[in-house]
Structures are given as structure tokens and as C-alpha cells.
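Heads up, the thing below is written out as C-alpha cells.
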């Protein structure tokens with residue numbers, strides 16, 4: 001990925017899993033080239049490719065070609081080989097193969113494990129007979145079946161030619177099962193697309209194969225005046241039969257016209273042509289570099305009348321700008337640019353080659369230009385299919401972005417505890433990206449284990465040290481992008497904002513569900529002076545806070561967002577902090593409230609009367625320190641949370657919440673509750689939905705109730721207090737509040753999928 005954010009492709013920080021029975025290296029077969037180009041295209045668009053290879057070729061089942069394996073490990077983000085546990089290429093149990101007849105349970109086990117430790121946006125399975133792998137992927141992953149070929153009707157086609165069936169073949173009913181397992185089917189050419197569309201309701205796109213362009217220079221004319229016609233192919237009976245039938249039609253034409261034509265044949269196909277005896281044929285055998293072969297011939301012929309799939313050798317010749325003479329059948333999937341691309345039979349092809357042999361060399365140049373034009377037109381068609389695929393995957397895929405402060409990577413911080421809980425809760429719902437939008441890149445670099453755990457981390461390129469540390473972050477598995485560009489390209493379905501960035505706006509997220517967690521944002525900012533990124537979003541947006549306050553309510557009203565009472569810790573973590581006792585032996589009472597407030601002053605006096613040691617925790621908007629009093633310490637909310645979790649001050653014995661929800665204090669209270677500190681709250685403090693009808697002992701509304709609560713904290717035993725608050729702590733430790741958000745998000749995802757379908 002280039003340095004600047006402007007280079008973002010369609011899949012920044014995306015994860016794509018590719019399952020294939022053939023390797024990508026070396027690219028000495030058409031299907032290998034095809035799969036390599038597909039993977040490279042997504043990689044060039046910013047995706048990380050995990051290549052899952054189930055070996056089907058003999059050389060990979062007998063021994064691992066370490067050079068090819070090393071090349072694939074270097075080419076892709078991750079590479080795995082699945083050890084086969086059964087024979088392949090077995091004969092069908094009936095008239096046709098069942099679609100899963102060659103399935104190996106080892107594949108399913110490996111895919112299930114891989115999805116349990118990683119998340120993927122897209123899962124591409126090559127070949128229909130491996131389609132069962134989709135059943136082991138979660139619903140949130142977009143599934144693409146790259147068919148390569150139509151496998152139904154293959155047996156009948158070969159039988160009509162007098163050939164025994166080869167490789168895998170099945171019925172239309174069985175092939176339809178494979179197609180229906182995917183969210184999108186890729187046909188190798190438009191003719192097969194039409195056939196697949198009659199077999200399944202799954203969307204089908206035509207995605208031919210075309211190598212990158214790079215026209216070769218025309219070779220010097222043959223000194224003997226021959227037109228050197230190149231044919232290259234793999235060893236199979238269909239190729240052998242087509243060559244034999246072509247030569248049977250061509251030889252009489254060449255003899256009759258005295259055409260100076262030499263048919264130069266290369267590739268493993270030559271292994272089947274040892275008994276060929278023709279004055280017009282030269283067998284080259286296997287070649288090292290296919291480009292060297294093409295350089296040595298004047299033009300290329302593709303004499304294929306009967307076959308399935310795409311003729312990748314056609315695309316190969318077009319990509320190199322070679323003059324091409326082809327039957328119409330062999331050109332299926334490509335955009336023709338010359339009558340020479342669409343010849344009807346072998347006889348017409350023979351006459352065309354004879355005419356070309358007698359024509360001026362300029363005719364070859366004109367035909368080479370037609371090849372370049374065909375290459376450009378076909379490449380444009382492929383690009384359009386990829387663009388359609390990208391749009392479908394993003395529309396159908398489930399994606400959630402968690403926008404966080406970099407301190408979420410500082411172990412033990414409240415940001416870290418919140419992110420861990422949130423990630424654990426939501427990762428089962430959709431593919432999750434942790435987007436660091438505030439703070440310092442040093443925090444992320446300091447916790448590489450967190451990057452591994454979170455699986456997908458993107459660091460905003462405008463936070464402190466991000467650009468300077470780009471290489472180090474990439475090496476650890478984190479990506480660095482501009483936030484605006486990243487959101488514009490990825491368009492997540494759900495954004496949970498625990499920290500703010502200017503790009504978190506309606507402009508960038510017009511269709512997202514946005515949940516702004518105001519209390520986490522306040523702790524990130526260090527104050528309440530911010531605007532929530534929820535105004536004008538298409539879907540309902542929420543300000544999720546653990547306690548109601550006038551500040552938050554006003555903020556929500558100004559944006560039109562719904563206000564939801566939900567705890568910051570949606571699935572509370574287990575926090576273990578040793579309780580440090582006071583040297584005096586006095587029990588410590590934390591008082592949450594506004595400095596100088598009458599209720600706070602009263603609570604301090606009551607605590608001292610019962611020989612407790614009080615201190616004040618005040619909100620983020622109240623920056624004036626308490627009056628000097630050696631016996632009465634005070635802490636600002638964010639400082640207090642950090643000190644408690646860092647073990648710098650003791651966990652209080654009990655707490656009283658006298659706030660009206662001032663920013664910062666709800667999160668303080670939630671941390672104390674998670675630590676199972678006995679706590680009572682003034683009646684003005686709102687409760688989350690999970691509490692229902694609150695325990696009477698939890699709420700205080702009068703001076704007498706406050707006095708009674710503090711007296712109980714001072715005199716009751718630990719066991720007695722634990723018994724009183726056990727039910728409350730049990731409610732706090734649940735996730736009932738966030739179940740509503742889960743259900744709402746699920747409805748949004750399902751609505752999007754229904755609209756897309």
C-alpha cells in the first residue's frame with residue numbers, strides 16, 4: 001500500500017479467505033494463472049489474502065514442492081496447506097458424481113478452526129466440488145463460488161465426442177446445490193452465466209480471465225517464408241482430439257493452396273502427439289517461459305471446437321498482443337475485435353491461415369492491433385464485474401467499526417477493559433474493525449498481543465506518531481489509513497464511537513447505525529465539550545450512557561438521536577484489584593458528586609461522624625479543586641478511574657453516588673460496581689433498564705436514608721453487606737442492557753440483506 005491515503009483500494013484492511021485445490025505458483029497452468037490474478041487483484045485493492053490450499057495435483061500429494069510453497073508464503077498474507085485424508089479422482093458411485101463426493105472432512109475441520117480464530121469479509125471457493133466449505137463459514141462472511149467451469153453436462157459432452165469422462169462431472173441438480181451455497185457465483189464466461197442463472201436464484205456474474213497487458217514485439221520473418229502458427233495446450237484428451245480434427249481439416253487446404261504454413265505446437269499436450277506424422281507440424285514440447293514461445297511464432301491459433309470453460313490460452317495470446325486466429329467457441333468469454341476471432345469451423349480456420357500466409361506482413365500487424373483492442377474490451381468487462389462484486393460484498397456483508405482512543409491498547413486502563421468487553425460481545429455479530437481515531441500510535445505499538453487478539457486494527461494516520469510508525473504498525477498487523485477515506489470506502493453497517501474524529505459524521509456514514517457512547521467519549525476527551533457524530537444518519541442513532549444527565553439529554557436532543565441507558569461494560573470484565581487498607585484502620589468512603597454541593601458536604605460530615613475516611617470524586621466538567629483540607633482528598637473522574645485501576649489508590653470500602661450524572665461520574669460508579677463495592681445512589685440518578693424495579697436498599701432519597709446507609713457502611717460486617725448487595729451485583733454483571741442493541745443491530749443487518757436480495 002502506498003504511503004498516502006489517496007491510494008486506498010476497494011478493500012482497505014479487508015480479509016479474504018481463498019480455498020483452492022491448486023496452487024498459485026508456479027503459474028504454468030491456466031487455472032493457476034486465473035486464481036493468482038484474482039488474489040492479486042484483491043491484494044492490490046488493499047485486502048489481506050489468506051490462501052488455503054487443499055492439494056489435488058499429484059506432485060503436491062506425493063511431496064511438497066518447497067520452492068512453490070515458499071513463493072506462495074511470500075505472495076500472500078497467510079498460507080496454509082490442508083493435509084488430505086482421502087483419495088481424490090475417484091469414480092462416481094452412480095451415473096454422475098454427487099457434488100460432495102470428493103469432499104474431505106479435513107477441509108471442513110480446518111475451515112471451522114480458521115473462522116474461530118480469525119474473521120474474513122469474503123470467502124472465495126474455487127470449483128463447485130469444494131462448495132461444501134461454505135457451510136463452515138459464518139453468515140457474516142460474503143461467499144463467492146468461482147466455478148471455473150460448468151461441471152454438469154461434461155460427461156454427456158465427452159461421450160458425444162467418443163471420449164471417456166475426465167475429472168469431476170455431475171448432474172444439473174447436484175451442481176445447483178453448489179451454486180445455492182454461495183452469495184455470489186462467478187461464471188468464467190457469459191454463456192455459462194446464462195446456464196447458471198437458470199439453475200439457481202443466487203446472483204451470477206461473468207468474470208473471464210485475462211492476464212495483464214504487455215504486447216510482445218513481432219518476430220523477424222521466417223527466412224524460409226513460412227507463417228509460424230503457434231498452438232500451446234495442456235495434456236488432456238479434449239485438446240488432443242481438437243488438434244487431430246483441426247489437422248485433418250487443415251492439411252488438405254494447405255496442400256491444395258501450397259500455403260507456407262508451419263504449425264508449431266508446445267506444452268504438455270505434445271506428450272499425447274508422439275504418433276503425429278504431418279509435414280506441417282513441429283512439436284516443441286514443454287517450454288520454460290511461455291512468453292519465449294510466443295515470441296518465436298508469427299501468430300497464434302486456438303482450434304477448440306468442443307470443450308467447457310474458458311480458453312485461457314486465448315486470453316494469454318490477447319494479453320501479449322499476438323495476432324490471433326480462433327474459432328468462435330474458443331473465443332467465448334472474450335470480446336471479439338476481428339472476424340478472425342469468430343471463425344465457425346476448422347475448415348474456415350485453415351483457409352484463414354492459408355490466406356494469412358500469403359498476405360503482406362502488415363496483415364499480421366493489423367491482427368495484433370485487434371488482439372490489443374480485444375484485450376482492452378475484455379479487461380473493462382472484468383473490471384466491471386469486480387466492481388459489481390465489491391458493491392455486493394459491501395452491501396451484503398456485516399461490518400462493525402469500533403472507534404476508540406489509543407489508550408484502549410494500554411493494558412488495565414478503563415479504555416482497554418471497555419474495548420475488550422465490547423469486542424468480545426460484538427465479534428460474533430459481524431466482522432469487527434478497531435479504528436484508533438485519537439491518542440498516540442505508541443500506545444498501539446506497546447501492545448502487539450492486543451493487535452493479535454483484536455484481529456483487525458486500523459490506526460488513523462493523523463494521530464500522533466502514526467505516519468512515522470507506519471512500517472512498524474504494518475509489521476505488527478495494524479493498518480494505517482486516513483479515517484475519512486477509510487470510512488468512505490468501507491461504509492460499515494454499525495459504528496460504535498468511544499472516541500471522536502472529525503470524519504465520524506453524516507457525510508462519511510450516511511447509512512450507518514451510529515451508537516455514540518458519550519461517557520467513554522468524555523473520558524477520552526477529558527471533558528464534555530464535544531458534538532456527537534449522530535446527527536442526520538439514515539438509521540436511528542443512539543447515545544448510549546449508563547446514567548441519565550441533563551448534559552447528555554441536551555446533547556442527544558440537539559442531534560435528534562435516541563437516548564439509550566446502557567452500561568459502558570456491555571459484558572463486564574473480571575477486574576481483580578487488591579484492596580489496600582488504610583493505615584488508620586478506618587473504612588474509606590468514596591463520594592461521587594459536585595464540589596460544594598450541600599448533599600456532598602452533608603455526606604462528608606456523616607462519614608466523619610461514623611469514623612469513616614471520605615474523599616470526593618467530581619465530574620469532568622467541574623475543574624475547580626476542592627478547598628484545601630488535608631483530611632479530605634478529591635479526584636477528578638478520569639484521574640480517579642485511572643488511579644483505581646492502576647492500583648495507585650485503594651479501592652474504597654463503600655461509595656455514595658450523589659451526582660446528577662455529571663460527565664465522568666457514571667463510568668466511575670460503574671467501575672466501582674464491577675469491583676463489587678457496596679454503593680447507594682441518590683434518587684435523582686437514573687438506572688439502566690436491567691435494574692427494573694430497583695432494590696429499595698440501593699436508592700436513597702432523604703437525609704435519614706443517607707445517614708442510615710453511611711452508618712451501615714461504617715458498622716456492618718463484610719458478610720452482611722455482601723448479602724445485601726448480592727442481587728444488585730448479579731444484575732450489574734449481566735448484559736441485559738446491550739441485548740437490546742444486539743437485537744436492533746441484527747434487524748438492521750437483516751433489513752439490508754433483504755433489500756439487497
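The values are calculated or read from the model by the stated rules, or taken from the named source; none is laboratory data. These numbers come from a predicted model, not from an experiment. Heads up, the Cβs are rebuilt from the backbone with ideal geometry, glycines too, and the neighbour counts pull from every protein chain shown.
Quick look at the numbers
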| item | result |
| --- | --- |
| Close pairs (6 angstrom Cβ cut-off, 6 or more residues apart or separate chains): assigned by TED's automatic domain parsing to the domain that holds residue 418 and closer than 16 Å to residue 594 by Cβ in region 630-652, surrounded by fewer than 20 Cβ atoms within 10 Å (Cβ to Cβ) and modelled with pLDDT under 90 anywhere | none |
| Qualifying residue in region 386-398 (condition: touching a strand residue (DSSP E or B) at 6+ places or on another chain (Cβ under 8 Å), assigned to a helix (DSSP H, G or I) and surrounded by fewer than 17 Cβ atoms within 10 Å (Cβ to Cβ)) | yes |
| Test for residue 450: is it buried (at least 21 other Cβ atoms within 10 Å of the Cβ), touching a strand residue (DSSP E or B) at 6+ places or on another chain (Cβ under 7 Å), free of Cβ contacts under 8 Å to residues at least 60 places away in the same chain and farther than 30 Å from residue 592 by Cα | no |
| Qualifying residue in region 456-472 (condition: assigned to a helix (DSSP H, G or I), within 24 Å of residue 392 (Cβ to Cβ) and in contact with a strand residue (DSSP E or B) (Cβ under 8 Å, 6 or more places away or on another chain)) | no |
| Any hit, region 199-206, residues being under 23 Å from residue 316 (Cα atoms), touching a residue at least 24 places away in the same chain (Cβ under 8 Å) and assigned to a strand (DSSP E or B) | yes |
| Some residue of region 590-613 being surrounded by fewer than 23 Cβ atoms within 10 Å (Cβ to Cβ), part of a strand (DSSP E or B) and in contact with a strand residue (DSSP E or B) (Cβ under 6 Å, 6 or more places away or on another chain) | yes |
| Filter result for the condition that a residue is at pLDDT 95 or above and surrounded by fewer than 21 Cβ atoms within 10 Å (Cβ to Cβ), over 223, 203, 279, 219 | 203 |
| Given (1) surrounded by fewer than 19 Cβ atoms within 10 Å (Cβ to Cβ); (2) in contact with a helix residue (DSSP H, G or I) (Cβ under 8 Å, 6 or more places away or on another chain); (3) under 30 Å from residue 157 (Cα atoms); (4) in contact (Cβ under 8 Å) with a residue 60 or more places away in the chain, index of the condition residue 381 fails | (2) |
| Count of region 94-140 residues which are without any contact (Cβ under 8 Å) to a residue 12 or more places away in the chain and surrounded by 15 or more Cβ atoms within 10 Å (Cβ to Cβ) | 0 |
| Unmet requirement for residue 543, which otherwise passes all of (1) part of a loop (DSSP other than H, G, I, E, B); (2) modelled with pLDDT of 70 or more | (1) |
| Number of positions in region 339-362 that are touching a strand residue (DSSP E or B) at 6+ places or on another chain (Cβ under 8 Å) and either farther than 16 Å from residue 304 by Cα or not assigned by TED's automatic domain parsing to the domain that holds residue 312 (or both) | 3 |
| Residue selected from region 12-36 under the condition assigned to a loop (DSSP other than H, G, I, E, B) and in contact with a strand residue (DSSP E or B) (Cβ under 9 Å, 6 or more places away or on another chain), by the criterion farthest from residue 65 (Cα to Cα) | 12 |
| Residue identified as at pLDDT below 95 and more than 22 Å from residue 296 (Cα to Cα) among 316, 332 | 332 |
| Within region 516-531, considering residues that are at pLDDT 80 or above and part of a loop (DSSP other than H, G, I, E, B), the one nearest to residue 558 (Cα to Cα) | 531 |
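Here is a yes/no grid of residues against (1) modelled with pLDDT of 90 or more; (2) within 49 Å of the chain's Cα centre (by Cα); (3) assigned to a helix (DSSP H, G or I):
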| site | (1), (2), (3) |
| --- | --- |
| 617 | yes, yes, no |
| 648 | no, yes, no |
| 662 | no, yes, no |
| 668 | yes, yes, yes |
| 681 | no, yes, no |
| 690 | no, yes, yes |
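Quick grid of which residues meet (1) farther than 26 Å from residue 372 by Cα; (2) crowded, with 21+ Cβ neighbours inside 10 Å:
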{"site": "150", "(1), (2)": "yes, yes"}
{"site": "180", "(1), (2)": "yes, no"}
{"site": "187", "(1), (2)": "no, yes"}
{"site": "229", "(1), (2)": "no, yes"}
{"site": "232", "(1), (2)": "no, yes"}
{"site": "248", "(1), (2)": "yes, no"}
{"site": "254", "(1), (2)": "yes, yes"}
{"site": "262", "(1), (2)": "no, no"}
